[in-house]
Amino acid sequence: MKRVINLGLIGFGTIGTGVVRLLQANGELIAERLGAKLNLKRIADLDIVRSRGVSVPEGVLTTRADDILNDPEIDIVIELMGGYEPARTFILKAIDNNKHVCTANKALLAAHGDELFKSANKKGINIGFEASVGGTIPVIKTIKESLIANRIESIAAIVNGTSNYILSKMTDEGGSFQDVLKEAQSLGFAEADPTFDIEGIDALHKLAILLSLSYGGKVHLNDLHREGISTITEQDIAFAKELGYRIKLLALAIRRGRKIEARLHPTMIPLDHILANVNSNFNAFHIIGNASDSVFLYGQGAGMMPTASAVLGDVVDISRDLLKGIAGRVPPRVLDEEKIQEIALLPFADVTTNYYFRFSAVDRPGVLSRIAGILGKNNISIAAVIQKGRKENGAVPIVMTTYKARERDVQKALGQIDRLDVVMGKTMLIRIEDKKLS
Ligand code: HSE
């Protein structure tokens, strides 16, 4: 029986370096648990000169991915280069050459997962992607395996460490968005292009992956509502505090009968909500199954060693199958690939939730009643109002929270309010998740 599993790593960046380090540090422990040795046979990267602070035996490094993809001895390809191409082509080639695959590439899976999973399924190949969502946190395995007996009622998750870091810092220590973003970039968990983090693109990729596992289907990224955190001001953070909330970039998936409500946007959550206490760059998942009830997962959503831990967890899973001579025991998207369909999403305009509005209005008698009148005519019921300070000629912020209202009505009302001559500039809207405000 095979007692050495040969690995090929494509992409010797931060996570790739973590994989090498972890194999060197815990290789013996893993071998003891697995009953076989994991041998990192080749590492491919365009740059094989730069020092990564780890020693690699001679002959392991190559600049040609084909040295891995065409090597008949390599059993598992670990793709950690990121991006769409050539990562997609490399994974397809690995599958074609009967190699199992591990990847952390959330962008690729969110956009091309359907193609990759179908190809893998056809060839009886495993694709591990635990590291693609929530870094070290075993959320993929939890949904695919541990909670398999449940209907997933909802997931509320913080899946982008950079955004969480920025919002946490702005809330707890103050500081402008731009300054805190620079800090996050220097800490190394921001994407190469930080708009992926702050505009919610990275988080949307992760939400799409979670949806496909939880609701047995595929989703198109363009069908999911996405808002990032770049419009959140220090003023909104201060008002949120005053109202008893923290602002988090939340990925939400909620079962509404046969439809799934899925959205990603900054959200105010009550201070006593478990996710309100997930700060700094941490990620967390609050999953509710119809039998399990609440399950909460928390940890490092990025970083060299935490993400390497998730990658090697997948490698060991696949290796165990290899040692037993099986593959495809757990389908990548829970269901057999032939059964995968489009997820029926609730149109965003039909979402019903609570809202925070910050109007910039002229401080003059009757302004509040004009705003309130428009809200009332659009079926939006006000829960609280804050207005502070006086300005004779300039605009003052008027903040309102609402009871449950429909997104379609809210957009219509704000369109009307923003056209009033007493309203200066676009109204700020932040959705609220608060069970007490029904
Ligand atoms: N840029 C991502 C984040 C890295 O900030 O969470 C992990 O996917």
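Odds and ends about this structure:
- Most to least accessible of Met268, Met305 (protein chains only, probe 1.4 Å): Met305, Met268
- The residues of the chain present an accessible area of 43 Å² per residue when probed at 1.4 Å with all protein chains retained.
- Heavy-atom accessible area order for Arg151, Arg42, Arg246, largest first, 1.4 Å probe: Arg151, Arg42, Arg246
- Accessible-area value, Leu375, 1.4 Å probe, nucleic acids and ligands omitted, Å²: 0 Å²
- In a simple Cβ point-charge model (Lys, Arg +1; Asp, Glu -1; nothing else charged), region 47-159 has a dipole of about 320 debye relative to its Cα centre.
- Proximal lysines to Lys218, defined as alpha-carbon separation beneath 19 angstrom and excluding residues fewer than eight positions away on the same chain: Lys106, Lys118, Lys122, Lys141, Lys144, Lys206, Lys259, Lys339
- Cα-based shape type of region 35-173, given that a ≥ b ≥ c are square roots of the gyration tensor eigenvalues and the cut on a/c is 1.5: oblate
- Derived scalar couplings ³J(HN,Hα) [region 310-316; Karplus, 6.51 cos²θ - 1.76 cosθ + 1.60; whole Hz; x for Gly, Pro]: 5, 4, 6, x, 5, 4, 5
- Rolling a 1.4 Å probe over the protein chains gives Glu173 an accessible area of about 130 Å².
- Between region 61-110 and region 338-417, the Cα center-to-center distance that results, in Å: 48 Å
- Low-density loop positions, GluC sites (Glu not before Pro), region 306-407 - DSSP coil, at most 11 other Cβ in 10 Å: Glu392
- For region 427-433, 3J(HN,Hα) computed residue by residue from phi via the Karplus equation (6.51, -1.76, 1.60; θ = phi - 60°) reads 6, 8, 10, 10, 7, 10, 10 Hz, glycine and proline entered as x.
- Near the amide H of Leu9, within less than 5 Å, lie the amide hydrogens of Arg42, Ile43, Ala44, Ile78, all on another chain or at least 5 residues away, with H placed in the peptide plane.
- Loop-located chymotrypsin sites (Phe, Trp or Tyr not before Pro) in region 84-185 (DSSP state other than H, G, I, E, B) with a sparse environment of at most 12 neighbouring Cβ atoms within 10 Å: Tyr84.
- Solvent-free Debye scattering, log10 I(q)/I(0), computed from the Cα coordinates of the chain at q = 0.14 Å⁻¹: -1.24
- The chain - charge dipole about Cα centre, Lys and Arg +1 at Cβ, Asp and Glu -1, debye rounded to 20: 1060 debye
- Region 142-182 shape via C-alpha gyration tensor axes, a/c threshold 1.5: prolate
- Solvent-accessible area of the chain (1.4 angstrom probe, protein heavy atoms only): carbon and sulfur portion equals 51 percent.
- Amide H partners (placed H, <5 Å) of Thr267, local residues excluded: Lys248, Leu249, Leu250
- Per-residue SASA remark: Tyr245, around 20 Å² accessible (1.4 Å probe; ligands, DNA and RNA not included).
- Distant-in-sequence amide H partners of Lys259 (H built 1.01 Å from N, under 5 Å): none
- Pairs of Cα atoms nearer than 8 Å and 6+ residues apart set the relative contact order; for the chain it is 16 percent.
- Estimated from helical segments only, the mean residue ellipticity of the chain at 222 nm is -10500 deg cm²/dmol, where each DSSP H run of four or more residues counts as -39500 (n - 2.57).
- Paired Rg and Dmax values of region 139-300, which use every Cα atom, in angstrom: 15.5, 46
- Cross-link partners for Lys241 among the lysines, with Cα-Cα distance under 25 Å and sequence neighbours closer than 8 places in the same chain left out: Lys169, Lys182, Lys388, Lys391, Lys404, Lys426, Lys435, Lys436.
- What the phi angles of region 361-377 give under the Karplus curve with 6.51, -1.76 and 1.60, with θ = phi - 60°, is a coupling list of 10, 5, 8, 8, x, x, 5, 4, 6, 5, 5, 4, x, 5, 4, x, 5 Hz, glycine and proline written as x.
- Ranked order, Ser119, Ser381 - accessible area, probe 1.4 Å, largest first: Ser381, Ser119
- Shape call, region 348-432: gyration tensor on alpha carbons, a/c limit 1.5: prolate
- GNM flexibility winner over the chain from Ile91, Ile15, Ile343 (Cα, springs under 10 Å): Ile343
The values are calculated or read from the model by the stated rules, or taken from the named source; none is laboratory data. Bear in mind that the values here come from a model prediction, so they are computed numbers and not experimental data. Backbone-built Cβ (ideal geometry, glycine too); neighbour counts: all protein chains shown. Ligands, DNA and RNA are excluded from the accessible area calculation, which covers all protein heavy atoms including side chains. Shrake-Rupley method; radii C 1.70, N 1.55, O 1.52, S 1.80 Å.
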